[in-house]
Structures are given as C-alpha cells and as structure tokens.
Amino acid sequence: MLRLTDLKLPLDHTEDMLTTAILKRLDIEAAALTRYTVARRGYDARKRGAIALIYALDIETPREAELLRRYADDQHIQPTPDTDYHFVAQAPAPLSHRPLVIGFGPCGLFAGLILAQMGFRPIILDRGKEVRERTKDTWDLWRKRNLHPESNVQFGEGGAGTFSDGKLHSQIRDPLHHGRKVLTEFVKAGAPEEILYVSKPHIGTFRLVTMVENMRATIESLGGEIRFSQRVDDLLLEPSADGQQQIRGVTLASGEQIRTDHVVLAVGHSARDTFEMLHVRGVYLEAKPFSIGFRIEHPQSVIDSARFGPQAGHPILGAADYKLVHHCKGSHEGNGRSVYSFCMCPGGTVVAAASEPGRVVTNGMSQYSRNERNANAAVVVGIDPADFAPFEPTFDESGGSPLAGIALQRALESHAYTLGGENYSAPGQLVGDFLAGRASHDFGDVQPSYKPGVTLGSLDSALPAYAIAAIREALPAFERQIRGYAMHDAILTGVETRTSSPVRIKRDDSLQSLNTRGLYPAGEGAGYAGGILSAAVDGIKIAEAVALSIMAKPQS
C-alpha cells in the first residue's frame, strides 16, 4: 500500500468527493483504485466558517510501484509504514524470577501487558484498589468530603489517567509506532475504533473503567498476577560488582518480601512517600521543572464559537479544545516566564484530585460525550528547581534536595485547603475580579463544576507572587486568541500542582536507574512521560528492556 497525506476536503464533503480527490491527486482512473482506508483525520480550523478536514489515507492499487516511482520526490505520497508491533523476545522456561511492576497506571499497565504477551508472567502491584472500588472511594471525596489516601484520583487501578479526559495524543517521537500498539490494545479492550485515525483521540472516564478491567483480565489470562492494596515500602538491595547497587526484591507495607532482579517503577507523579524512600535508599533522583497554576472554566459554547464560528456544533468537530501559550515580559514579577494551558477538557468538569489529607488539588475530567456545560483547562506557570528553595530547608545552591519540588507542592496544596475552608472545598475567584485584584463574593453566569465545592475569595496568596503576576499578564493575551477567555464570570479554581513529576529518577541507556541495577524508572513519576499515551509508550519500551535483560542472563 501507499500512504497519501495532507489531502484536504470541505467539512461536509461526501464519500464520492473523497474518492474523486484521491483519483485526482494520484492522477489515476477509478479502476486503478482498489480500496482505501483512513489512517488519520484531522481538521484545519484557522478559517472559521471554512473548516477543512485533512486526511492521511492508505491506498491499495495495482499501480503502487509505478506511482511510488512517479512521485518519488513527493513527501505526501510514500509507502505505508509498518505500524505492526513486533515483540523483542519470548520468555524462557524456566524463569528464575518473575519481573515485578510497581504501579498499574497507563505505564505499568502496558509494561505488564507487553511482558505478559512475551510470556514473562509479571507480578503487578498497586497501592490502590481495583477500578470500581476505587471509583466509589473517589466519589466519596467528591460527594461527602471523605478522602481515602490509598484510593483516589491518583492511586488505584488505571492510575490518574482513569479520571481524566482520556486524551490519547502526544508529541513524543515514536519511530517504532509504539503508540499504535497502545491504541490497538485500547480498541481490543473496548475503545471506539475512531481512536485509530482521528487526530486528537479521546476516550473519557466511563469507558476507561471498563477498558482497564478488560486489559487486567488479558494480563491474568497470560499468566500475569495483579495485586491491589499492596504498597511497596522498601527495596531489597545489595552491592553490585561495579560499585553500584543491585535490586533483589521489594518489601510491602504488610512486611511481605517479593524476590526479583527486575523491578519496573511506574508509580506515577504523586507517590511522594515512594520518592522519599528511594532517596533514603540512595537511588539517584534529581529535582526537575514542572508547572503550577489554576483550573479555569468557561461555558463550552464560548470556546466552540471562538474556535469554530458558524460551524460550531458540527458532529465531526465535537466540542472545541484549545492550546494556548504566552511568554511574559521580563520587566515585572512574571520574570519572563511562560504561561500555558494544560490538560484542556472540553465539555468536562474540574475534579478534586488530592491524595494526602488536609490538601486540595484540582484536575480536569471529561466523559467521551464531552457534553457538560463547561470547558476547563489548567492555566499554569513553568517553574524550575531554583524556585523550590524557600520550601525546602535542605535546598542550597549546590543543587539541594531532589525532593524540594514536593515540599513546594505540599505547601501550596495545604494553603489551598485552608483558603477553601478546610473541608476539601477549593478556593476560587472570578477571572474579572482576579484581573482587577479584588476578592470575589458571588458567582456569575459560570457555575463551577468542582466538587465538593468552591469557596470564593482572593487567589492572590494561593501561588507565589511571580506566578500570580504571570497569569494576570497571560489571561488578556489569551483573550486576544479566544474571544471571551478573560470574561468576567469565568472561574479560576485552585490549585493545580500535579502537572508533572517534581522529580526525575535518572536512567541510563539500558533504561535502568543510573546507580541501581535492575530498577527501571518509568512513566510520569520517573519524569519520562506526560499523559496517557506517552506513559503507555514508555511502559512498552521499559518492558522490552526488561525482557532483553532477562534473556541475556542464564536462567537457573
């Protein structure tokens, strides 16, 4: 087959128009077109009212060789790439120690799945509960203000991605098409087939719950073992011949020890106690940049109109999203920082995402339908380790504590809890009042979706002064890109602190920890992913590295 890319047609084109466009582009007669399939479909909304669909198509034609020669210099007509997944190994028999995966979010899920499909029968541990019990516990916070520290938006089967928009697009480099493997497995587990070709695929929380259960069943059917409510509290280590340390297993909170030489660490970005344990055990960690800010809510209709104009509401387009960035001027407290939108959830809700008592954290979520009244997104400011010093007593100019970012997160989340009324309500402010520097007292046309509730007031103390100044500068700039963005009644809800991991667990070319053999830091928590798709792809790469390491060692 050959792949034809960048083929544009009007939004309301017919199938005959698409066929005609293919024939014209390739300059062939209808008899030479055997069939075609859509590899990718996106849209160009730069001209509101004249939105175009953009296709990548896989073409079957008996004239394939001739066409590839004729269009050899045309980057939009190329051979269809091989996107099938190819396993790197098959497990030996016997297997002296089964590999261990810690964490059952997107990264741990795919690390476990790939290892199971290769016959390595992994043991997978998650500190939280299976997904349906976890859902009940999460709703207990949202409805009754009861936080379950080991079972919430952050911890449990499916990871933080389960309570999200289920976005499945990423900007990672993926030359081996591991992302295609992820999407294919999701479809097998019950996701809509359209995720294989739409440019910004998403699934939504309700579908993710069933899919995760189905994938768990697949792993178990292949000999994998999945154990919930099993928090790892320590590593079993011994010195290795090269002066580093070698992992030999883990100790659970129950006191049970599990022996293994290969541990995939896919704990997510909120496993703060795990990071502290790793630091004590001498595993190399370093502080890394991340972002802090607020959630912002607008009527979805405002975003749809601004993005799509008269074609807003078209079923192919669905609810509009956006991606914004503003680089602040360096002449004030914003100090040249970047402010950007993050994790935009069309037609969704803002959710309570705390995992520690006495703290408030926001996140965003959508269902597949994306039909809730409000659009929400994080508006966040980039920060780096130099900003962490005031929050970590052991931080100094030589580099300080790798856990300093966690101290900053905890300080902001604790203060948000206080501002919200110390009952897991979140502090909020109308955008107009935030820009004017005055406290809010009454909601306008936009009703916040955050549960348990929003306490209005001033957000000026919710973030460091430089972050407040940067966001104040950015919102009018965003208004110039999306009319209505800085509308008075839009709601800011705080705080957003879990944008990415505040630490990086560095790894070498073999994807093992720099100084701990057999430990494979993976996914968002280790600082190597950002979102469902990139975390899942990293899980695949880690599983391959573990498999090749096991195959390289003689089995007893």
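The values are calculated or read from the model by the stated rules, or taken from the named source; none is laboratory data. This one's a predicted model, so the numbers in the text were calculated from it and none came from an experiment. For neighbour counting, all protein chains shown are included, and Cβ atoms are generated from backbone atoms with ideal geometry for every residue, glycine included.
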So, in the stretch 199-240, of the ones that are polar (S, T, N, Q) and within 25 Å of the chain's Cα centre (by Cα), which residue ends up surrounded by the fewest Cβ atoms within 10 Å (Cβ to Cβ)?
199
Could you check residue 401 against (1) buried (at least 23 other Cβ atoms within 10 Å of the Cβ); (2) within 24 Å of residue 335 (Cβ to Cβ); (3) in contact (Cβ under 8 Å) with a residue 60 or more places away in the chain; (4) of a type outside the set (Lys, Arg) and say which number it fails?
(1)
Would you mind stating whether residue 273 is of a type in the set (Asp, Glu), assigned by TED's automatic domain parsing to the domain that holds residue 540 and in a helix (DSSP H, G or I)?
yes
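Does the stretch 526-544 contain any residue that is in contact with a Lys or Arg (Cβ under 6 Å, 6 or more places away or on another chain), outside any loop (DSSP other than H, G, I, E, B) and not assigned by TED's automatic domain parsing to the domain that holds residue 455?
no
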With respect to residue 530, is the statement that it is surrounded by fewer than 24 Cβ atoms within 10 Å (Cβ to Cβ) and either within 30 Å of residue 297 (Cβ to Cβ) or under 16 Å from the mean Cα position of the chain (by Cα) (or both) true?
yes
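Collect the residues in the stretch 6-32 that are over 25 Å from residue 305 (Cα atoms), out of contact with any Lys or Arg (no Cβ under 9 Å at 6 or more places or on another chain) and either surrounded by 16 or more Cβ atoms within 10 Å (Cβ to Cβ) or assigned by TED's automatic domain parsing to the domain that holds residue 201 (or both), keeping them in residue-number order.
18, 22, 25
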Conditions (1) in a helix (DSSP H, G or I); (2) in the same structural domain as residue 410 (by TED's automatic domain parsing); (3) not charged (D, E, K, R) -> residue 215 fails only (2)
Answer residue from the stretch 276-294, given it is closer than 30 Å to residue 379 by Cβ and either part of a loop (DSSP other than H, G, I, E, B) or among the hydroxyl-bearing types (Ser, Thr, Tyr) (or both) and is farthest from the chain's Cα centre (by Cα) among those
285
In the set 492, 511, which member is part of a loop (DSSP other than H, G, I, E, B), of a type outside the set (Lys, Arg) and either in contact with a helix residue (DSSP H, G or I) (Cβ under 7 Å, 6 or more places away or on another chain) or at pLDDT below 95 (or both)?
511
Could you run through the stretch 377-404 and say how many residues are part of a loop (DSSP other than H, G, I, E, B), modelled with pLDDT of 90 or more and of a type in the set (Asp, Glu)?
1
Being part of a strand (DSSP E or B) and under 30 Å from residue 336 (Cα atoms) is the filter here, so list the residues in the stretch 448-469 that pass it.
456
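Give me the residue from the stretch 23-39 that is assigned to a loop (DSSP other than H, G, I, E, B) and not acidic (Asp, Glu) and, out of that set, farthest from residue 169 (Cα to Cα). Break it down stepwise before answering.
Taking the stretch 23-39 and keeping what is assigned to a loop (DSSP other than H, G, I, E, B), we get 27-29, 33-34.
From the residues that got through so far, the ones that are not acidic (Asp, Glu) too are 28, 33-34.
Numbers: 28: 34, 33: 31, 34: 31 Å.
Taking the candidates together, the pick is 28.
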Could you check how many residues of the stretch 49-71 are among the acidic types (Asp, Glu) and exposed (fewer than 13 other Cβ atoms within 10 Å of the Cβ)?
1
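Here's the yes/no breakdown for (1) in contact with a strand residue (DSSP E or B) (Cβ under 8 Å, 6 or more places away or on another chain); (2) in contact (Cβ under 8 Å) with a residue 60 or more places away in the chain; (3) under 21 Å from residue 84 (Cβ atoms):
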| position | (1), (2), (3) |
| --- | --- |
| 110 | no, yes, yes |
| 119 | no, yes, yes |
| 154 | no, yes, no |
| 184 | no, yes, yes |
| 198 | yes, yes, yes |
| 209 | no, yes, no |
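Can you pull out every residue in the stretch 462-481 that is surrounded by 24 or more Cβ atoms within 10 Å (Cβ to Cβ) and either closer than 14 Å to residue 296 by Cα or modelled with pLDDT under 95 (or both)?
The first filter runs over the stretch 462-481 and keeps only residues surrounded by 24 or more Cβ atoms within 10 Å (Cβ to Cβ), leaving 462-463, 467, 470-471, 474.
Listed by number, the residues that qualify are 471, 474.
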Quick one: in the stretch 81-101, of everything that is at pLDDT 95 or above and more than 16 Å from residue 544 (Cα to Cα), which residue is nearest to the chain's Cα centre (by Cα)?
83
Out of (1) under 25 Å from residue 543 (Cα atoms); (2) modelled with pLDDT under 95, the one residue 165 does not meet is (1)
Given the criteria in contact with a strand residue (DSSP E or B) (Cβ under 8 Å, 6 or more places away or on another chain), surrounded by fewer than 18 Cβ atoms within 10 Å (Cβ to Cβ), more than 27 Å from residue 388 (Cβ to Cβ) and in contact (Cβ under 8 Å) with a residue 60 or more places away in the chain, does residue 484 qualify?
yes
Just give me the residues in the stretch 470-489 being assigned to a helix (DSSP H, G or I) and either over 27 Å from the mean Cα position of the chain (by Cα) or of a type outside the set (A, V, I, L, M) (or both), in sequence order.
472, 473, 476, 478, 479, 480, 481
Take the stretch 226-241 and flag every residue that is touching a residue at least 24 places away in the same chain (Cβ under 8 Å) and either in contact with a His (Cβ under 6 Å, 6 or more places away or on another chain) or not in a strand (DSSP E or B) (or both).
228, 229, 230, 231, 240
Would you check if residue 538 is of a type in the set (Asp, Glu) and buried (at least 24 other Cβ atoms within 10 Å of the Cβ)?
yes
Would you confirm, using the coordinates I've provided, whether residue 42 is in a helix (DSSP H, G or I), touching a strand residue (DSSP E or B) at 6+ places or on another chain (Cβ under 9 Å) and in contact (Cβ under 8 Å) with a residue 60 or more places away in the chain?
no
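Restricting to the stretch 434-447, name every residue that is in a helix (DSSP H, G or I) and either touching a His at 6+ places or on another chain (Cβ under 7 Å) or buried (at least 21 other Cβ atoms within 10 Å of the Cβ) (or both).
434, the sole residue that qualifies.
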